[in-house]
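Report on the following structure.
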Amino acid sequence: MKKKRLTAREASLISCHICGKLFRDIPVAKGKRKKCARCGATLHTRKPESLARTWALVISGLILYIPANVYPIMTVTQFGRGTPDTIISGIIALFNNGLWSIGVIIFVASVLIPVLKLVVLVLLLLSVHFRWKWNPRQRTLVYKIVEKIGKWSMLDIFMISILAALVKLGFLLNVTPNRGASAFGAVVVVTMFASMSFDPRLIWDREHDHE
Amino acid sequence: MMQHQHLIACRECDLLNVTKPYSPEDISRCSRCGSLLHSSKINSIDRTLALVIAGLMFFLIACCYPLLNLKVVGAETTNKMITGVIDLYHYGLKDCSLMVFMMTIIVPFIKLAMLLYILLSLKLNINVPGRLFIFRMYHTLDVWGMLDVYMLAIIVAMVKLVDFATVSTGIGLYAFIVLIVISLSASATLDHHLIWEKLEESR
């Protein structure tokens, strides 16, 4: 008999998502949760309601992305004069001032990563829904990259907190944070939760169904 | 519940992989999707414990001393890690202030403290309560610690201010740089699988 490679689910096993220990999947009484006997985390064969939760969080992220870009994130006032900057206008100003190096860093962290993350998550969700033939190994890799880079979007928020605390010279030079920063911070947190709630094993489950 | 010591399920694709017998500095990957299954570390507990103790000391210094100094024609200001949080709060961005506080101070500190508690108890062979729960929380909190991002933010802020004013570095910043190196090394030397096994044995 040819040996078939089994997944944990096919072998009626559950691995703990925190500590990785394998357990036999035994049905428990209704209303009771399966708990990991080692670390106490709740056991799930797949992340609960993964697709619905990820869709909800991705859509929230997309909606929050609008105020994050429309409202200004901070105002630099020099000699009593200054205009509020949005994320995009701040980046353009950096390029105009010749600070292209940090312009690129902020562009990647504040524009490229959040947009890429939302687009990739939507593509992954669609690929699971419509059983696309997109190479599952590639999809897993893309998912892992998106999961890893997400936190770097907080760069702008941290920078604003540093500047707001440091640049307090009144009339001479002053930095004030604005409402847009809150919306942008919310985008980052929501999209981080979105990528956490997506279960990459779903990519492989569907793949297996074709065989 | 039955145990399956020779098998390990891939976290990314759920495939069951057969684990090799334990050997130090051994990295195993999933045979289907290539994700990391497990990597064992040499002398993990001692090394990580040393780094964690050093990390906590530098954390204290990084928090207590100024990170940057700013000078414009006679006027001077400094900032600490916590002043960014306080000022965001005063400017009315309470949610932002909370995020920065959690991600740059609370979570990184708690993560180090949790490791200290667990590793010290393993090292001294004393059974203290709540270790499994604490190590579980460590994994939950892991992604929300963002010291490395904060470091980049400091650099970007410095470059941005160079045109306006004279920026100089404070003692806190040097401690902070050491802290980053230490906390990254600590997560690199931590052998998760080993800790779980030890904690389970001594329960």
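Accessible area per residue was computed with a 1.4 Å probe on protein heavy atoms; residue B:31 scores about 70 Å². The mean number of partner chain beta-carbon atoms within 10 angstrom of a residue's beta-carbon across peptide A:20-30 is 4. What you get for chain B, charging only the Cβ of Lys and Arg (+1) and of Asp and Glu (-1), is a dipole of about 180 debye around the Cα centre.
Residues of B:120-132, mean number of Cβ from any other protein chain within 10 Å of their own Cβ, rounded to a whole number?
1
Roughly speaking, to the nearest percent, how much of chain B's 1.4 Å accessible area is carbon and sulfur? For chain B, the apolar C and S fraction of the accessible surface comes to 65 percent. Summarised as an ellipsoid, the range A:1-118 has semi-axes of 50, 18, 13 Å, derived from the eigenvalues of the Cα gyration tensor scaled by 5 and square-rooted, with the largest first. For chain A, the residue among A:13, A:153, A:70 whose Cα projects farthest onto the positive side of the dipole built from Cβ charges is A:13. Annotation for the range B:112-203: GluC sites (Glu not before Pro) lying in DSSP loop with at most 10 further Cβ atoms inside 10 Å of their Cβ do not exist. Listed cross-link partners A:151/B:160; A:47/B:41; A:30/B:111; A:21/A:151; A:30/A:117 are compared with a 32 Å cut-off, the Cα-Cα value being larger for A:30/B:111; A:30/A:117.
When Rg and Dmax are taken over the Cα atoms of the protein assembly as shown, they come to 23.6, 84 Å.
Taking the Cα centre of the range A:48-210 as origin and assigning +1 to Lys and Arg Cβ atoms and -1 to Asp and Glu Cβ atoms, the resulting dipole is close to 140 debye.
Taking all protein chains together and a probe of 1.4 Å, list B:137, B:99 from the most accessible to the least accessible. Intermediate results must be reported in sequence, preceding the final value.
Details: B:137 55, B:99 30 Å².
From most exposed to least exposed: B:137, B:99.
Contact residues in the range B:157-173 by the 30 Å² criterion (accessible area, 1.4 Å probe, full protein complex versus chain alone): B:157, B:159, B:160, B:161, B:163, B:164. Just the protein heavy atoms count here, and of the accessible area of the range A:73-129 at 1.4 Å, carbon and sulfur take up 72 percent.
Peptide A:5-13 is shielded by partner chain Cβ atoms: per residue, an average of 5 of them sit within 10 Å of its Cβ. Rounded to the nearest 10 square angstrom, residue B:80 shows an accessible area of 80 square angstrom against a 1.4 Å probe.
Isolated cysteines of the protein assembly as shown, defined as having no other cysteine beta carbon under 4.7 Å away, are B:63, B:64, B:96.
Take the alpha-carbon positions of the range B:43-201, form their convex hull, and give its projected area averaged over all directions (one quarter of the hull surface) in nm².
On the way: hull surface 41.3 nm².
With every direction weighted equally, the projected area is 10.3 nm².
Along its three principal directions, the equivalent ellipsoid of the range A:1-45 from the Cα gyration tensor extends over semi-axes of 23, 13, 7 Å, largest first. Secondary-structure-derived ellipticity at 222 nm for chain A, considering helices only, amounts to -16500 deg cm²/dmol, per-run term -39500 (n - 2.57) for DSSP H runs with n ≥ 4. Computed over protein heavy atoms with a 1.4 Å probe, the accessible surface of chain A works out to 48 Å² per residue.
The values are calculated or read from the model by the stated rules, or taken from the named source; none is laboratory data. This one's a predicted model, so the numbers in the text were calculated from it and none came from an experiment. Neighbour counts run over all protein chains shown; Cβ positions are idealised from the backbone, glycine included. Calculation scope for accessible area: heavy atoms of the full protein, side chains included, ligands and nucleic acids excluded. Shrake-Rupley method; radii C 1.70, N 1.55, O 1.52, S 1.80 Å.
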